[in-house]
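Below is one structure, written out as structure tokens, with a few remarks after it.
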Amino acid sequence: MKTETEFTIEQKEYLNGFFTWDSPFVGQDEQRRFTATSGNGAANLASEETVYGTPVDELCKEEQIKCERNGLDCYESIVQAANDGKMASGGDVFRFKYYGLFNVNPAQDGYMLRCRIPSGLLNSEKLEGLAEIAEELAGGYADITTRANLQFREIEPRNSIKAIEELVDLGLTSRGSGADNLRNITCSPTAGFDCEELYDTRPLAKAMHHCILNSRDLYGLPRKFNISFDGGGTISTCADTNDIAFYAVRVEEGNDVPPGVYFRLQLAGIAGHRQFATDSGILIRPEECVATAAAMIRVFIENGDRTNRKKVRLKYLIDSWGIERFVDESQKKLDFELVRFPLAACEGRKPVQRRAPSSERRWSELHRSHRSRRKIVSGTNEASRCDCETVWKWGHPINGMAKPLDSSYRQRKSRCRA
């Protein structure tokens, strides 16, 4: 017996409602007139609010805090809290980190303030200014971080905004040094005076630093993000523990690219998970490094998981996609081609020096490097002398050891000035 399976028009319309869930379109055209027609580039005002495709009610706690109010817009709240002598509370505990202020209670009274010091480079004037902040507004000391940075502790609430403003007056900032932001940009600690380096990475780190400061959309990432530049010198900056790592290499003649110094791009290093960055197969000219990083950061911003804080670092996006897809998505945001080039065809750095040289050799190298630097300083030796003063007072940058100014060090100081 054949059963009739055809539905009536009325039945079809009824059943169709169970399978169709398209939100009506409500937008505005260029003349700000409301329209029900999509396709003109206008956003659908009737759709559910999302953050890069994730519905707001599915966001993790920190993402919802950011959605309620951008951390960059909390400066007035910091001022008010300082005037009231109160610590941050509620969502502002997270938002204040956008300005480097960490409420570390109950482990320690007061705030911790983290700076941004690209490359870890400071002249004597800035160093003295930072010492004054530590002495007058904090606990009288500063911590040196693993990202060549400084942070102050025991800052009373009433001194918090003054400490931030004092940093700005020194030509420094704390903006973006905490929360889900790009952390301090690091480069080779001996950049600029290392006779073994392939490339002086200080300008790249500084350019990346200012690119971040001047791009509001580079704040509020799904999670924190680290970038480092290694110039291939005597001392490694451990760039392979960063989300994006640039390693200087040399390419000789006879290859598909012109000979010279380039950077290898490594991805998804994360020290907390004991994972080193992986070579992406990409070779980049030095002048293309910052643009490449900016493109890749935006790919992470748009596609990182904002629902699970434990699975949101770049490592997890690349684990899901693979390096090839991540590179391809980044390529769409660049106006130059990312060059695939075999790692084996690159000449890498010489062996990294993991032990500090002897005291006499250390000072001999310092003396020689500063004498050569004075030759390129036009008209004055003040820049070199200022650098030397910092080194003499706080220790040689090769091993970071601070030495007292005893008679033997004063004699070497005199030799350097000769």
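Brief remarks follow.
- Counting beta carbons within 10 Å around each of Ile270, Ile78, Ile185 and listing the fewest first gives the order Ile270, Ile78, Ile185.
- Whole-Å semi-axes of the stretch 20-173's equivalent ellipsoid (Cα gyration tensor): 42, 18, 14
- The H on the amide N of Val249, modeled in the peptide plane, is under 5 Å from the matching H of Tyr262, Phe263, Arg264, each at least 5 residues off or on a different chain.
- As a rough footprinting exposure proxy, the listed residues Phe341, Phe300 were ranked by other beta carbons within 10 Å of their own, and the order from fewest upward is Phe341, Phe300.
- Amide H contacts under 5 Å for Val51, placed H, 5+ residues apart: Val56
- Rounded to the nearest angstrom and listed largest first, the equivalent-ellipsoid semi-axes of the stretch 186-345 from its Cα gyration tensor are 25, 18, 15.
- Here each label is just a point 7 Å from Cα along the line to Cβ, and for Cys67 and Glu196 those points are 5.1 nm apart.
- At most 12 other Cβ within 10 Å, DSSP loop - chymotrypsin sites (Phe, Trp or Tyr not before Pro), the stretch 106-188: Tyr141
- The charge dipole of the stretch 197-297, taken about its Cα centre with unit charges on the Cβ of Lys, Arg, Asp and Glu (plus for the first two, minus for the last two), comes to roughly 500 debye.
- Placing a pseudo-label 7 Å from each Cα along the Cα-to-Cβ vector at Leu334 and Tyr75 gives an inter-label distance of 3.4 nm.
- For trypsin sites (Lys or Arg not before Pro), no site in the stretch 109-194 is both called loop by DSSP and has at most 15 other Cβ atoms within 10 Å.
- Using the Cβ-Cβ distance between Ser89 and Glu58 with R0 set to 35 Å, the FRET efficiency from 1/(1 + (r/R0)^6) comes to roughly 0.85.
- By the beta-carbon count within 10 Å of each Cβ, the least crowded to most crowded order of Met112, Met296, fewest first, is Met112, Met296.
- The relative contact order of the stretch 91-131, computed from alpha carbon pairs under 8 Å that lie at least 6 residues apart in sequence, is 24 percent.
- Computed FRET value (nearest 0.05) for Glu6 with Val26, which takes r as the C-beta separation and R₀ as 60 Å: 0.95
- For the residue pairs Lys66/Lys311; Lys126/Lys333; Lys66/Lys310; Lys162/Lys315; Lys311/Lys332, the alpha carbons lie more than 27 Å apart in Lys126/Lys333; Lys162/Lys315.
- Considering only beta bridges that DSSP places wholly inside the stretch 113-244, some 60 percent are antiparallel.
- Cα lying deepest toward the dipole's positive end in the stretch 68-169, options Tyr111, Leu130, Gly71, charges on Cβ: Gly71
Values in this text are rule-based calculations from the coordinates and carry no lab data. Keep in mind it's a predicted model, so treat the numbers as computed, not measured. Quick reminder, even Gly has a Cβ in these numbers, built from the backbone with ideal geometry, and neighbours come from all protein chains shown.
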